[in-house]
Amino acid sequence: MRVDEALVPPPWRLGDGLVVLVRGAGAGVLVLVGVYLVGRWRGPNDPLLAAVSMPLMYAPLLWLARRRLFAPAGSGSRAGWAGCPAPGGPARAAVDDRAARRHGHRDGTRAGSLSER
């Protein structure tokens, strides 16, 4: 994972971020109400609705953040999330993990071994 390109501090004002958060949460509630109404029609234990309800709840917030925060800042959503794998990411992470284990770090991180001392 590459975190060195994160937008820290964010290029938008705090008020803009709070507006997106509140509107995204409100839209998420509306999506859940819609899923609830469809669930009453399809039955209460529908596995399809159980699988899609949580991801659908966050979709409005992610869409608003991309449209209202990242786009005006001139960065795409990929650069803005900063949790996207870097080129060669999974392979490089595996190499780094093996190197950390070779040096005696059980969980592949140095923080784990520091907390054990």
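From the list Leu69, Leu61, Leu49, Leu18, pick out the single residue that is modelled with pLDDT of 75 or more, hydrophobic (A, V, I, L, M, F, W, C) and over 20 Å from the mean Cα position of the chain (by Cα).
Being modelled with pLDDT of 75 or more, hydrophobic (A, V, I, L, M, F, W, C) and over 20 Å from the mean Cα position of the chain (by Cα) holds for just one of Leu69, Leu61, Leu49, Leu18, which is Leu49.
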For the stretch 45-78, the count of residues that are among the hydroxyl-bearing types (Ser, Thr, Tyr) and either buried (at least 17 other Cβ atoms within 10 Å of the Cβ) or not in a helix (DSSP H, G or I) (or both) equals 2
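The values are calculated or read from the model by the stated rules, or taken from the named source; none is laboratory data. Computed from a predicted structure; not experimentally measured. Positions of Cβ are generated from backbone atoms using ideal geometry, with glycine treated the same way; all protein chains shown enter the neighbour counts.
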